[in-house]
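Student: Quick one: the structure is below, and I'll ask about it shortly.
The values are calculated or read from the model by the stated rules, or taken from the named source; none is laboratory data. What you see is a predicted model; the values in this text were computed from it and never measured. Neighbour counts are summed over all protein chains in view; Cβ atoms, including those assigned to glycine, are modelled from backbone coordinates with ideal geometry. With ligands, DNA and RNA removed, areas are computed over all heavy atoms of the protein, side chains included. Shrake-Rupley method; radii C 1.70, N 1.55, O 1.52, S 1.80 Å.
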Amino acid sequence: MARTAPLWPALLTLAIALVQIDHAPLWRDELATWSAASRPTGDLFRLAANIDGVAVAYYLLMHGWIELFGDSVTALRLPATLSLAGAAALIAVLGRRLFGGRIGLIAGLLFAVLPSTSRYAQEARPYALATLFAVLATLLLVRALDRPGWWRWTGYAAALVGLGLSHLLATSLVLGHAVAVLLAWRQHHDRRLGRWLLALVPPILVLAPLARLGRDQQARQLGWVRSPTLTDLPDLPGELLQSGTVGGLLVGLAAIGLVSRGRRGVVLGACGLLPVALLYVGGLLTPLWVPRYLLFTVPFACLLAAGPLAPLRLRWALPVVALAGLLGAPAQASLRRTHETPRSAPIDYPAATRIIGAHQQPGDGIVYSPRDMRASLDIAVLYHLREHHPRDVLATEGPVAAATLDTPECPQPATCLTTVTRVWLLTLGNHPADPLSAATPAKETALRHTFQITKTWPLPGLTLTLLTRP
């Protein structure tokens with residue numbers, strides 16, 4: 001039973017996460033993954049030199065995955081699903097190693113039912129993979145500290161490399177690992193500290209160039225991120241776990257576990273809290289504070305939260321896990337409708353592209369506003385319509401040729417619009433009364449002077465307009 005126990009959290013994670021995995025449309029970050037990973041490898045490296053360089057390893061992984069399994073919504077999200085299923089199993093293994101099989105099993109099952117697990121198991125981004133490596137690296141560290149050996153330290157170093165390549169900021173987990181190593185060194189006064197420091201050398205050598213590239217690209221990539229405020233810390237559990245109620249329950253149980261689990265509880269607390277503190281302080285100095293970047297800390301909260309349930313018989317502990325799942329049910333339903341934030345403002349890219357596909361004519365053009373990564377309107381049209389999309393009349397070159405996720409546009413829209421008699425206008429937000437007002441001033445002027453509105457379709461989060469020359 002002990003050997004097969006980790007399978008149950010993994011299977012439960014798969015069973016929950018696979019439900020309606022393709023129901024919510026790809027959102028802008030996932031569209032960026034598709035845009036990057038679907039390029040030839042040479043073009044992918046040229047993109048990484050300009051933007052998203054810290055994610056190049058993940059994009060290469062997804063490039064190979066797409067070559068094998070295609071780029072449907074399900075196919076794009078499945079690596080994240082498998083990653084978090086693996087993480088759930090490793091949580092059970094780590095919990096058994098630290099506290100016993102019961103805590104490991106409860107922690108793994110608790111992780112499986114969290115809304116955040118489903119949310120990021122259904123997202124084609126690297127956060128799930130980083131979570132898997134975070135648990136794996138911690139497990140390998142525990143084993144190396146218990147029974148030091150060069151191959152154990154080598155495995156730990158390799159896991160840290162994987163952690164940093166999947167998400168560079170997740171390497172802040174090393175702060176928690178430092179606490180574990182220092183406590184072990186204080187107890188034994190042997191070579192553990194030196195061997196741990198030596199094990200950090202390969203990850204530093206591999207990841208340092210990536211960190212420098214990320215620093216150079218940060219202003220462009222994270223310029224939209226605001227500085228954190230004091231209210232962000234109490235709001236973090238609910239935002240990270242996708243449910244304030246579930247966040248409160250998990251934090252309450254984890255706090256009890258932190259004070260009742262001795263030295264190992266302190267280590268788990270450090271693994272969960274020190275990365276939060278670092279990201280918060282760093283976010284005050286430079287754009288960094290994005291709560292989803294901290295997904296890798298959730299397994300350690302689950303391990304602490306399982307502690308107070310350990311004295312109970314399993315048949316009494318499991319209802320608490322079920323309660324967490326029940327409290328998260330509204331969030332589970334909501335995240336399967338949209339991945340946008342807030343969820344009250346979904347963006348229905350598929351609806352817009354279905355209308356374009358049904359009503360477009362040969363020679364049609366299309367104009368987007370705004371034209372940036374935060375909207376990804378053009379990438380959404382390319383993903384859903386492929387080679388059947390209207391001509392991007394304002395584009396001076398495609399995003400692949402430009403080695404970016406943006407598309408450079410004609411500086412004088414009126415000149416570029418002379419080649420079409422019908423044009424689609426896709427804008428972010430709802431503007432049914434005057435859809436042209438949502439365009440930039442230059443685009444609005446060119447469209448008003450040259451075209452007439454034929455029809456407007458107000459859609460969730462979007463306005464689609466067809467214009468024709470009089």
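Student: Which of the following residues is closer than 16 Å to L129 by Cα, among the aliphatic types (A, V, I, L, M) and free of Cβ contacts under 8 Å to residues at least 12 places away in the same chain: A88, A75?
Tutor: On inspection, the qualifying residue turns out to be A75.
Student: When you scan the stretch 386-470 for helices (runs of 4 or more DSSP H) that lie fully inside it, which ones turn up with 1 or more residues that are more than 21 Å from Q361 (Cβ to Cβ) and among the hydroxyl-bearing types (S, T, Y)?
Tutor: The qualifying helices (runs of 4 or more DSSP H) are 413-416, 441-450.
Student: Within the stretch 131-141, can one find any residue that is modelled with pLDDT of 95 or more, touching an Asp or Glu at 6+ places or on another chain (Cβ under 9 Å), open to solvent by less than 20 Å² (accessible area, probe 1.4 Å) and not small (G, A, S)?
Tutor: No, the stretch 131-141 contains no residue that is modelled with pLDDT of 95 or more, touching an Asp or Glu at 6+ places or on another chain (Cβ under 9 Å), open to solvent by less than 20 Å² (accessible area, probe 1.4 Å) and not small (G, A, S).
Student: Consider only pairs whose beta carbons are under 9 Å apart and that are at least six residues apart or on different chains; among these, list those whose first residue lies in the stretch 282-302 and is of a type in the set (A, V, I, L, M) and open to solvent by less than 30 Å² (accessible area, probe 1.4 Å) and whose second residue is part of a loop (DSSP other than H, G, I, E, B) and at pLDDT 95 or above.
Tutor: If the second residue must be part of a loop (DSSP other than H, G, I, E, B) and at pLDDT 95 or above, the pairs left are L295/H167; V298/L114.
Student: Looking only at the stretch 345-363, which residues are touching a residue at least 40 places away in the same chain (Cβ under 8 Å) and open to solvent by 10 Å² or more (accessible area, probe 1.4 Å)?
Tutor: Listed by number, the residues that qualify are A345, P346, I347, D348, P350, A351, I355, H359, Q360, Q361, G363.
Student: Another question, if that's okay. When the residues of the stretch 233-251 are filtered to those that are free of Cβ contacts under 8 Å to residues at least 40 places away in the same chain and surrounded by fewer than 22 Cβ atoms within 10 Å (Cβ to Cβ), which remaining residue is nearest to the chain's Cα centre (by Cα)?
Tutor: My answer is G238.
Student: Six or more apart or on different chains, Cβ atoms under 8 Å: show the pairs whose first residue is in the stretch 422-447 and farther than 16 Å from L462 by Cβ and whose second is open to solvent by 50 Å² or more (accessible area, probe 1.4 Å) and of a type in the set (K, R).
Tutor: Qualifying pairs under 8 Å: R422/R469.
Student: Now, a different point. Based on this model, can you work out whether G149 counts as out of contact with any Ser or Thr (no Cβ under 7 Å at 6 or more places or on another chain) and either open to solvent by 50 Å² or more (accessible area, probe 1.4 Å) or free of Cβ contacts under 8 Å to residues at least 12 places away in the same chain (or both)?
Tutor: Spelling it out, G149 is indeed out of contact with any Ser or Thr (no Cβ under 7 Å at 6 or more places or on another chain) and either open to solvent by 50 Å² or more (accessible area, probe 1.4 Å) or free of Cβ contacts under 8 Å to residues at least 12 places away in the same chain (or both).
Student: Taking the criterion of being at pLDDT below 95, open to solvent by less than 50 Å² (accessible area, probe 1.4 Å), touching a Pro at 6+ places or on another chain (Cβ under 6 Å) and closer than 21 Å to V281 by Cα, would at least one residue in the stretch 192-212 satisfy it?
Tutor: No; the residues of the stretch 192-212 include none that is at pLDDT below 95, open to solvent by less than 50 Å² (accessible area, probe 1.4 Å), touching a Pro at 6+ places or on another chain (Cβ under 6 Å) and closer than 21 Å to V281 by Cα.
Student: Restricting attention to the stretch 260-281, report how many residues are under 30 Å from W224 (Cβ atoms), open to solvent by 20 Å² or more (accessible area, probe 1.4 Å) and among the small types (G, A, S).
Tutor: 1
Student: Which condition from (1) in contact (Cβ under 8 Å) with a residue 60 or more places away in the chain; (2) surrounded by 15 or more Cβ atoms within 10 Å (Cβ to Cβ); (3) more than 19 Å from the chain's Cα centre (by Cα) is the one that L314 breaks?
Tutor: Failing condition for L314: (2).
Student: Another question about this same structure. Please enumerate the residues belonging to the stretch 165-209 that are without any contact (Cβ under 8 Å) to a residue 60 or more places away in the chain and touching a Ser or Thr at 6+ places or on another chain (Cβ under 8 Å).
Tutor: A199, P203, L207
Student: The conditions are (1) touching a Ser or Thr at 6+ places or on another chain (Cβ under 6 Å); (2) modelled with pLDDT under 95; (3) surrounded by 18 or more Cβ atoms within 10 Å (Cβ to Cβ), and A88 fails exactly one of them. Which is it?
Tutor: (2)
Student: Here is a further query. Within the stretch 171-239, considering only helices (runs of 4 or more DSSP H) that don't extend past its boundaries, which have at least 1 residues that are more than 29 Å from R292 (Cβ to Cβ) and touching a helix residue (DSSP H, G or I) at 6+ places or on another chain (Cβ under 6 Å)?
Tutor: Once the helices (runs of 4 or more DSSP H) in the stretch 171-239 are filtered for at least 1 residues that are more than 29 Å from R292 (Cβ to Cβ) and touching a helix residue (DSSP H, G or I) at 6+ places or on another chain (Cβ under 6 Å), what remains is 174-188, 192-199.
Student: Hey, among P346, P350, which residue is touching a Lys or Arg at 6+ places or on another chain (Cβ under 7 Å), not in a strand (DSSP E or B) and not polar (S, T, N, Q)?
Tutor: Of the residues listed, the single one that is touching a Lys or Arg at 6+ places or on another chain (Cβ under 7 Å), not in a strand (DSSP E or B) and not polar (S, T, N, Q) is P346.
Student: Suppose we filter A375, A402 for residues that are closer than 27 Å to D71 by Cα and surrounded by fewer than 21 Cβ atoms within 10 Å (Cβ to Cβ); which single one remains?
Tutor: Result of the check over A375, A402: A402.
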